[in-house]
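Beneath this line is the structure, given in structure tokens, with notes to follow.
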Amino acid sequence: MDNFKRVQKIIKQLNIDAVLVSNGNNMRYVSGFAGETGYLYISEKHHAVITDFRYTYQAEAEAEGYEIITIGSGGYEEAIKEILNRDKVKRLGFESEDLLYSKYEHLRDALEGVELVPIKDEITSLRRIKTKNELEYIKKAEAIGDKVFTEILTFIKPGMTELEIAAKIEYLLKIYGGERSSFPAIVASGINSSMPHAVPTHKKVEVGDFLTMDYGCVYKGYCSDMTRTIVVGKANDKQKEIYNIVLEAQLAALDAIKPGLKGKEIDKVARDIIYKAGYEGCFGHGLGHSVGLFIHENPRLSPSEEDLIEDGMVETVEPGIYIRGFGGVRIEDLVLVTENGHENFTHSDKTLIEL
Ligand code: ZN
Ligand code: ZN
């Protein structure tokens with residue numbers, strides 16, 4: 001992987017001598033090293049993974065072509081100091097959106113004579129457009145989610161708790177090939193479904209409840225994300241009304257997706273439909289987000305997103321209506337932005353399912 005060369009370009013543009021990458025996903029993206037602790041160091045001449053003994057062998061295996069530096073008793077500060085001296089670094093970039101302030105302080109105190117230069121999301125942004133391999137992994141992760149949805153429908157019975165259903169979803173995600181959940185599964189029933197990011201509780205699912213399930217898994221490091229809302233038992237008129245508005249908004253937004261639009265323009269397509277139907281104030285989150293090594297990436301599809309959507313980005317499309325004291329609906333698909341529109345990675349049924 002020659003991604004370090006892309007980082008070297010950034011170094012030049014930012015007029016710094018080297019960069020210390022602390023964000024674990026960026027470290028993995030650029031070098032291949034998926035360990036949980038360490039830094040990636042890249043200068044014009046060198047690219048190295050700095051880690052501790054627990055990860056040395058892993059780094060050697062995963063970060064092909066990288067110098068692997070195992071820290072000694074002097075810790076990270078000492079190891080970093082050495083490599084900076086070797087490269088005569090005067091200006092060292094660090095990821096200001098990731099590095100803990102306490103770690104920054106340690107570095108600052110240890111690295112006398114070196115200017116620490118905060119950089120923003122320049123390296124994270126390298127991950128926006130997905131490669132063929134990345135797309136394959138995300139697609140596979142989403143396919144696992146689809147498979148779990150089919151099976152969970154045969155499992156859900158009134159009287160089960162939200163936690164039981166969430167546990168079953170997470171179990172099945174692993175059984176079908178996921179490495180782990182991409183985030184703790186959301187299972188929200190009845191009035192709990194009015195909270196977009198409800199945490200599963202001991203509440204039992206009752207006949208007549210909306211049941212929202214939002215989950216995903218990780219496959220080869222890459223996340224998936226999907227949401228379906230069903231009704232346990234027969235849906236009443238109000239439930240049908242809300243469901244159909246959310247579905248209409250979702251389909252319209254999917255239809256609108258194409259490269260060259262701003263994230264906020266796609267958000268507006270869904271938002272207008274929901275607001276015009278009389279549910280202004282009931283859709284308080286953005287329409288979607290990008291997905292990759294991390295579950296919530298940029299650019300977003302949100303009212304404030306000025307960035308353009310581009311061919312090769314992966315975005316969720318997840319409008320919702322949430323009514324206090326009643327319940328809520330969210331429908332979420334994961335799509336690839338293509339040259340002419342989109343390719344939907346999610347294939348689970350979106351007609352209102354009454355269990
Ligand atoms: Zn989701
Ligand atoms: Zn999502």
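The fewest-to-most ranking of HIS296, HIS197 by surrounding Cβ atoms within 10 Å reads HIS197, HIS296. Roughly how tilted is helix 3-14, in degrees to the nearest 10 and between 0 and 90, from the longest Cα axis of the chain? Between the helix axis and the principal axis of the chain, the angle is about 70 degrees.
For the chain, a simple Cβ point-charge model (Lys and Arg +1, Asp and Glu -1, everything else neutral) yields a dipole of about 300 debye relative to the Cα centre. Report for the chain the percent antiparallel among DSSP-assigned beta bridges with both residues inside it, nearest 5. If we restrict to bridges inside the chain, about 75 percent are antiparallel. The long axis of helix 132-155 is offset from the longest Cα principal axis of the chain by roughly 30 degrees.
Take CYS282, CYS217 and order them by how many other Cβ atoms sit within 10 Å, fewest up front. Show your work: numbers first, answer last.
Details: CYS282 21, CYS217 28.
Ranking CYS282, CYS217 by Cβ neighbours within 10 Å, fewest first, gives CYS282, CYS217.
Build a GNM of the chain with springs between Cα atoms under 10 Å apart, and of ARG54, ARG300, ARG127 the one that fluctuates most is ARG54.
Within a 10 angstrom radius of the beta carbon, how do THR51, THR124 rank from fewest other beta carbons to most?
Working: THR51 25, THR124 22.
Least to most surrounded, the residues fall as THR124, THR51.
Using the Cβ-Cβ distance between ASN340 and LEU100 with R0 set to 30 Å, the FRET efficiency works out to roughly 0.10. May I ask for the angle, rounded to the nearest 10°, between helix 237-256 and the longest principal axis of the chain, with both axes built from Cα atoms and the value confined to 0 to 90°? The angle comes out at about 40 degrees.
Stokes-Einstein diffusion for region 258-355 at 25 °C, viscosity 0.890 mPa s, with a Kirkwood radius from C-alpha pairs, works out to 173 µm²/s. In the chain, helical runs assigned H by DSSP with n ≥ 4 each contribute -39500 (n - 2.57); averaged across all residues and rounded to the nearest 500, the mean residue ellipticity at 222 nm is -11000 deg cm²/dmol.
Per residue, the average separation of C-alpha pairs within less than 8 Å and at least 6 apart gives region 139-194 a relative contact order of 37 percent.
Structural descriptor for region 132-344: relative contact order 21 percent, calculated from alpha carbon pairs under 8 angstrom and at least 6 residues apart. Building the convex hull from the alpha-carbon atoms of region 132-344 and averaging its projection over directions returns 10.6 nm².
Mean-square fluctuations from a GNM of the chain, with a 10 angstrom spring cutoff on Cα atoms, peak among SER102, SER181, SER189 at SER102. Between the residues ALA198, LEU293, LEU261, the greatest Cα displacement towards the positive end of the dipole of the chain, with unit charges on the Cβ of Lys, Arg, Asp and Glu, is found for ALA198. Placing a pseudo-label 7 Å from each Cα along the Cα-to-Cβ vector at GLN13 and GLU354 gives an inter-label distance of 5.5 nm.
The average projected area of region 4-127, computed from the convex hull of its Cα atoms over all directions, is 6.7 nm².
The numbers here are math on the coordinates, done by the rules we state, and not lab data. The shown structure was predicted, so the numbers you read here are calculated from the model rather than taken from an experiment. Here the Cβ is made from the backbone with ideal geometry for all residues, glycine too, and neighbour counts use every protein chain on show.
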